[in-house]
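Trainee: Submitted below is the structure of interest, expressed as structure tokens.
The values are calculated or read from the model by the stated rules, or taken from the named source; none is laboratory data. It should be emphasised that the depicted structure is a prediction, and the values quoted were computed from it without experimental measurement. Ideal geometry is used to build each Cβ from the backbone, glycine not excepted, and the neighbour counts take in all protein chains shown. Surface areas here come from the heavy atoms of the whole protein model, side chains and all, with no ligands, DNA or RNA. Shrake-Rupley method; radii C 1.70, N 1.55, O 1.52, S 1.80 Å.
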Amino acid sequence: MKFHGDAGTNPIDKETVVGKPIHRIDGLIKVTGSATYAYEHRDIPPDAVYGWVVGSEIPKGTIKSLDKAKALAMPGVLAVISTLEVDTIAGGQWTQLPLFGGSHVRHYQQAIAMVIAETFEQARDAAFQVDVEYELEFDGVYDLHGNVASAVPVPDSINFPDGPILDTLGDFEKAFAAAPVKIDQQYTTPYQSHSMMEPHATIAAWQGDTLLVWTSNQMINWARTDLPEVLSLPEDKVHIRAPFIGGGFGAKLGIHCDVILAALGAKEVNRPVKVALQRPLIMNNTVHRPATVARVRLGSDENGKLNAISHISTFGNVRKGMVEPSTSQTRLLYAAANREVGLRQLYHDLPEGSAMRAPGEATGLMALEVAMDELAEALQIDPVELRLRNASSTVPQEPDVRFTACHLSECLRKGAEEFDWKRRNSRPGEVWQDGWLSGMGVAVGIRDHQLTPSNARIRLGVDGRITVECDMTDIGTGSYTIIAQTAAEMMGVGIEDVTVSLGDSTFPKSAGSGGQWGAGNVTAGVYVACASMRQLLASKLGLNESEVTFENGKIISGSRSTELKELAAEGEIVCEDGIEFPEDKTIHQSTFAGHFAEVAVNAYTGETRVKRMLAVCDVGRVLNPITARSQVLGGMVMGVGGALVEEMAVDPNRGFFVNHDLGGYEVAVNADIQEQEVIFLNYPDSETSPMKAKGVGELGLCGAAAAVANAIYNATGVRVRDYPITLEKHLLDLPKTARNFAH
Ligand code: MOS
């Protein structure tokens, strides 16, 4: 079904199951360990052996020789697959660098071999006996900060494939020059690693000429074409399964070397092969979030009315690698008649950067929303008030385009009230308690809601149970639960009467999990498939769908009611359908948040503690307040990570990420944040889909880091514009503040 742009009233509006705080239906099998992740299948397939991937020790050059003799002689070793014996295998649509094959080394820890042995330990042991001779090339570029001037303008190929290189409206330079109050600052964000808990992992087994893989991947509907293509197999000869995924955060949008090498290895030894990437390989072999250097300029009048906005963001990546679209939100926020946004790329030879946890807005807001805080201070206007004064219900960069449901101002007002924002001292560095400086910060969150087709198959069993099948993934988000809620609501059955089967490439193509487009689109697809089923069942009674209701496992028409299972008495009834969306260039769909944070910074050590966080979110209909809240909480934690700790440090001489494990790469954890709260405004958006629900996961992250950064400044009076805000960056300046309070 093609969505016509206005959902009207429909069965979901009853909200008997949808919208209810239902605990995740896969919770029990997850906490009891019976949900099987990619690497964990022990019985199917039986007889699996283990692969250990060997990564390149140089960042750029050529492999002169790769001697596997010693490794092959080690106990239990069955085979060694060498890159020199395999033609280059591309990475599919989502990565530019090849995943395996050939003698050319393009980045540190590129996969160059895999040892296969009877046990994991034997494979790992033998991997150290693979002798490799390299010829290092010395012209690699590994330093973004020292080479910003060599970056070249590039289009925002994620949001505007054919768009301009510099996206302008009005005359920024003239308006900025004339503005009585100006901010012109540089903000930097580092390379970051997704750091999902479950590594990239695959078990591959050949069944005749069919390749069966259990793999950890967010987007089965992409992998099901990418994997056959790069392995030169027909699509119907590749079967992908991913029923459970332990986090992805963008790292698993595409396929990586684990699945390629597992497939090659299984062919080679004629047994199933298990491959999990060790953490150092995850960080240097797969993808990461590119670092950015942003220049933000804001020009306003004395009343805080913005008239000029410029955001130019430079990022580093391999040639043709994905852009880090950090200026997306600057097109969408704050009414100002004169504006420009642009991206610049430094081509470098570090591993390939790609999408990570809200690519674009997450990093872009870390710059823009701190610049807004700086402007508020320069104007002596409250930062919440400054944002309200510049609110816009149309897309500022494209004034003819309006937002569908947009309640950003209400998010800010409600947040200010709930957070007790009036307690904030507008003069920084003045709230002192026992050696700790306290402060409060605010930032706007915005993240697009992207529309994508999604299909599902509905089965009505002879027992009256409803089964939903599609290739959607649940990456820890709650997909199983909201899909079951949708089907239960549509078919008029209890959620316990619905079975949801996901993550299988033999099922209909669905939205998949990425870019916070999963929930809104996949449930819309399930809605349409259920609507077809309703029509089919009604017609079996000689009725039209509009003449019946579905309640308590029955179809009801006037005084006549028929049990669903009666209709399927002679055999299961199956229905498959899906949703597509028209392109409407007059509207823009986004989700909005007001993020608030309160922190304490130790005046003597510089250590930051996050005391309270609040996100007030406008995401359309909330399908399930428990799973939606968990999504936002997780995003906020990642915001704290970005503000305070997350950074992959580059060795600019050897060309690699040094802190390539979870000992050296820190993420925020429970103990780092004392209190978090989430409020949903819950305004269903009829222009989005029949579900009236938009994305939610990534919004929790977008803006959260800037709120923390602004709170730190309010606490200390020291502005750090280089993330993460680790203690050494403000430590030396803290005494200036602290001496006001020293006893
Ligand atoms: Mo997301 S970074 O599109 O998984």
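Trainee: Those residues that are open to solvent by 30 Å² or more (accessible area, probe 1.4 Å) and more than 16 Å from the ligand (Cβ to nearest atom), I need them from the stretch 232-256; list them, please.
Mentor: 232, 233, 234, 235, 236, 237, 239, 241
Trainee: Just the residues that are over 24 Å from residue 7 (Cα atoms) and aliphatic (A, V, I, L, M), please, taken from the stretch 691-715.
Mentor: 701, 704, 705, 706, 707, 708, 709, 711, 712, 715
Trainee: Residue check: is residue 387 surrounded by fewer than 19 Cβ atoms within 10 Å (Cβ to Cβ) and not acidic (Asp, Glu)?
Mentor: It is false that residue 387 is surrounded by fewer than 19 Cβ atoms within 10 Å (Cβ to Cβ) and not acidic (Asp, Glu).
Trainee: Of these, 443, 487, which one is away from the ligand (no atom under 16 Å from the Cβ) and outside the structural domain of residue 21 (by TED's automatic domain parsing)?
Mentor: Going through 443, 487 in turn, just one is away from the ligand (no atom under 16 Å from the Cβ) and outside the structural domain of residue 21 (by TED's automatic domain parsing): 443.
Trainee: Which count do you get for residues in the stretch 1-55 that are touching a Lys or Arg at 6+ places or on another chain (Cβ under 9 Å), part of a loop (DSSP other than H, G, I, E, B) and of a type in the set (Lys, Arg)?
Mentor: Matching residues across the stretch 1-55 total 1.
Trainee: Of all the residues that make up the stretch 1-60, how many are more than 30 Å from residue 126 (Cβ to Cβ) and of a type in the set (Val, Ile, Thr)?
Mentor: Number of matching residues: 10.
Trainee: For the stretch 570-589, which residues satisfy the criterion of being open to solvent by 50 Å² or more (accessible area, probe 1.4 Å), in contact with a strand residue (DSSP E or B) (Cβ under 9 Å, 6 or more places away or on another chain) and part of a loop (DSSP other than H, G, I, E, B)?
Mentor: Answer for the stretch 570-589, where residues must be open to solvent by 50 Å² or more (accessible area, probe 1.4 Å), in contact with a strand residue (DSSP E or B) (Cβ under 9 Å, 6 or more places away or on another chain) and part of a loop (DSSP other than H, G, I, E, B): 572, 582, 585, 586.
Trainee: Going residue by residue through the stretch 448-458, is there one that turns out to be among the hydroxyl-bearing types (Ser, Thr, Tyr), crowded, with 23+ Cβ neighbours inside 10 Å and part of a strand (DSSP E or B)?
Mentor: The answer is yes, given that some residue of the stretch 448-458 is among the hydroxyl-bearing types (Ser, Thr, Tyr), crowded, with 23+ Cβ neighbours inside 10 Å and part of a strand (DSSP E or B).
Trainee: Tell me which residues, restricted to the stretch 205-222, are in a strand (DSSP E or B) and away from the ligand (no atom under 16 Å from the Cβ).
Mentor: 205, 206, 207, 210, 211, 212, 213, 214
Trainee: Continuing with this model, one more query. Return yes when residue 529 is within 16 Å of the ligand (Cβ to nearest atom), outside the structural domain of residue 255 (by TED's automatic domain parsing) and either open to solvent by less than 10 Å² (accessible area, probe 1.4 Å) or in a helix (DSSP H, G or I) (or both) and no when it is not.
Mentor: No.
Trainee: Among the residues of the stretch 344-354, is any in contact with an Asp or Glu (Cβ under 8 Å, 6 or more places away or on another chain) and either open to solvent by 10 Å² or more (accessible area, probe 1.4 Å) or of a type in the set (Val, Ile, Thr) (or both)?
Mentor: No; the residues of the stretch 344-354 include none that is in contact with an Asp or Glu (Cβ under 8 Å, 6 or more places away or on another chain) and either open to solvent by 10 Å² or more (accessible area, probe 1.4 Å) or of a type in the set (Val, Ile, Thr) (or both).
Trainee: Looking at the structure I just gave you, is residue 413 assigned to a helix (DSSP H, G or I), surrounded by fewer than 19 Cβ atoms within 10 Å (Cβ to Cβ), assigned by TED's automatic domain parsing to the domain that holds residue 615 and more than 16 Å from the ligand (Cβ to nearest atom)?
Mentor: Here the answer is yes, as residue 413 does meet what is asked.
Trainee: Which residues, counting only those in the stretch 154-173, are under 22 Å from the mean Cα position of the chain (by Cα) and in contact (Cβ under 8 Å) with a residue 12 or more places away in the chain?
Mentor: 155, 156, 157, 158, 159
Trainee: Go through the residues of the stretch 151-170 one by one and say whether even a single one is assigned to a loop (DSSP other than H, G, I, E, B) and open to solvent by less than 10 Å² (accessible area, probe 1.4 Å).
Mentor: Yes - at least one qualifying residue is present in the stretch 151-170.
Trainee: With 225, 202 as the choices, which residue is out of contact with any strand residue (DSSP E or B) (no Cβ under 6 Å at 6 or more places or on another chain), at pLDDT 95 or above, away from the ligand (no atom under 16 Å from the Cβ) and hydroxyl-bearing (Ser, Thr, Tyr)?
Mentor: 225
Trainee: Determine the pairs where a residue that is over 21 Å from residue 427 (Cβ atoms), located within the stretch 722-737, has a partner that is open to solvent by 60 Å² or more (accessible area, probe 1.4 Å) and not polar (S, T, N, Q) with Cβ atoms under 6 Å apart, the partner being 6 or more residues away or on another chain.
Mentor: Matching pairs, first to second residue: 724/647; 727/607.
Trainee: Looking only at the stretch 447-469, how many residues end up being away from the ligand (no atom under 16 Å from the Cβ) and more than 19 Å from residue 36 (Cβ to Cβ)?
Mentor: Residues meeting the conditions: 15.
Trainee: Does at least one position in the stretch 304-326 carry a residue that is within 26 Å of residue 41 (Cβ to Cβ), open to solvent by 40 Å² or more (accessible area, probe 1.4 Å) and more than 20 Å from the chain's Cα centre (by Cα)?
Mentor: So far as the stretch 304-326 goes, no, none of its residues is within 26 Å of residue 41 (Cβ to Cβ), open to solvent by 40 Å² or more (accessible area, probe 1.4 Å) and more than 20 Å from the chain's Cα centre (by Cα).
Trainee: Moving on to the next point. Consider only pairs whose beta carbons are under 7 Å apart and that are at least six residues apart or on different chains; among these, list those whose first residue lies in the stretch 684-700 and is over 17 Å from residue 485 (Cα atoms) and assigned by TED's automatic domain parsing to the domain that holds residue 525 and whose second residue is modelled with pLDDT under 95 and assigned to a loop (DSSP other than H, G, I, E, B).
Mentor: Sorted first by the residue in the stretch 684-700, then by its partner, the list stays empty.
Trainee: Oh, and also: Which members of the stretch 48-97 meet the condition of being open to solvent by 40 Å² or more (accessible area, probe 1.4 Å) and touching a helix residue (DSSP H, G or I) at 6+ places or on another chain (Cβ under 7 Å)?
Mentor: 50, 74, 75, 78, 90, 93, 94
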